[in-house]
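The values are calculated or read from the model by the stated rules, or taken from the named source; none is laboratory data. Quick caveat: nothing in here was measured; it's all calculated off a predicted structure. Don't worry about glycine lacking a Cβ; one is built from the backbone with ideal geometry, like all the others, and counts go over all protein chains shown. Ligands, DNA and RNA are excluded from the accessible area calculation, which covers all protein heavy atoms including side chains. Shrake-Rupley method; radii C 1.70, N 1.55, O 1.52, S 1.80 Å.
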Amino acid sequence: MAIDGRDSRWEQHRADRRRELVSHALRAIRVHGAQVGMDAIAARAGTSKTVIYRHFGDREGLYDAVVESVHSYIHEGLAAAFRLSDPADLGRLTADLADAYLELVERDPEIYRFVMTPPPQQADAVADPVRGLPGMIGEQISAAIAANLTARGMDAAAAPTWGHGLVGFIKATADHWMAQSPRPPREQVVAHVREFFAPAMVGAAAPSYDSLEDRR
């Protein structure tokens with residue numbers, strides 16, 4: 001079936017308009033803070049809340065679009081880090097992840113606070129375990145670890161646990177770092193992360209533990 005050129009142009013127009021509105025939302029968040037209202041976002045975009053709702057449905061839809069935009073930026077940095085890092089070296093991998101994550105926090109603290117504070121979902125909404133920025137990054141890290149394990153002929157079943165666990169560690173580190181005053185240099189925090197994970201290797205033989213019965 002032939003595609004109507006008018007429909008194609010309209011879809012492209014809608015996609016371009018959504019990206020434009022997300023850019024305005026990011027600017028409004030930087031100026032007004034993470035708790036920015038829809039009125040301020042609409043004013044920044046030079047439009048009305050009705051137009052924003054038309055493109056995103058509600059604040060939750062706009063939030064998801066902002067998260068996707070922020071994740072796309074972080075994805076570029078992480079992709080470069082993965083090309084330079086051995087996914088089996090948790091010290092290097094986690095330090096590179098921490099550096100990219102903390103760089104976002106340092107440069108755009110209000111954007112970070114916004115994406116870390118999702119609007120409440122409706123009561124009948126199905127919970128999404130990877131919704132939000134940490135979940136999306138966790139999926140990306142998990143996939144990288146799984147690919148490394150598979151390439152080495154090893155069981156990749158633990159990859160999601162390790163990937164999301166690493167992201168959880170980095171998020172907690174970032175939250176603590178943001179709350180400190182004065183805040184230590186980012187490079188110092190990244191070095192501490194590297195030191196903590198330096199002995200770890202993904203896929204290293206797990207230590208064996210005697211059962212309680214054997215110890216008696």
Neighbours by Cβ (under 7 Å, 6+ apart or cross-chain): first from the range 48-68, farther than 15 Å from HIS24 by Cβ; second at pLDDT below 90 and outside any helix (DSSP H, G or I): GLU60/PRO119; GLU60/GLN121; VAL67/GLY132
Could you please tell me which pairs satisfy a Cβ distance under 8 Å, a separation of 6+ or placement on different chains, a first residue in the range 110-136 that is within 24 Å of THR173 (Cα to Cα) and open to solvent by 30 Å² or more (accessible area, probe 1.4 Å), and a second residue that is modelled with pLDDT under 80 and among the β-branched types (Val, Ile, Thr)? MET136/VAL130
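Which of the residues belonging to the range 16-36 are of a type in the set (S, T, N, Q) and outside any loop (DSSP other than H, G, I, E, B)?
Residues of the range 16-36 that are of a type in the set (S, T, N, Q), as a first pass: 23, 35.
Listed by number, the list holds a single entry, SER23.
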Close pairs (8 angstrom Cβ cut-off, 6 or more residues apart or separate chains): free of Cβ contacts under 8 Å to residues at least 40 places away in the same chain in the range 13-24, of a type in the set (D, E, K, R) and open to solvent by 70 Å² or more (accessible area, probe 1.4 Å) anywhere: HIS24/ARG44
Would you say VAL202 is modelled with pLDDT of 90 or more, of a type in the set (Val, Ile, Thr), touching a Leu at 6+ places or on another chain (Cβ under 9 Å) and on the phi < 0 side of the Ramachandran plot? no
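Name the one entry in MET154, MET178 that is among the hydrophobic types (A, V, I, L, M, F, W, C) and outside any helix (DSSP H, G or I). Write out each step before concluding.
Details: MET178 fails: outside any helix (DSSP H, G or I).
Residue meeting the stated conditions: MET154.
Matching residues to (1) modelled with pLDDT of 75 or more; (2) part of a helix (DSSP H, G or I):
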{"position": "TYR63", "(1), (2)": "yes, yes"}
{"position": "VAL67", "(1), (2)": "yes, yes"}
{"position": "ASP96", "(1), (2)": "yes, yes"}
{"position": "GLU106", "(1), (2)": "yes, yes"}
{"position": "PHE114", "(1), (2)": "yes, yes"}
{"position": "PRO119", "(1), (2)": "yes, no"}
{"position": "VAL130", "(1), (2)": "no, no"}
{"position": "GLY135", "(1), (2)": "yes, yes"}
{"position": "GLN140", "(1), (2)": "yes, yes"}
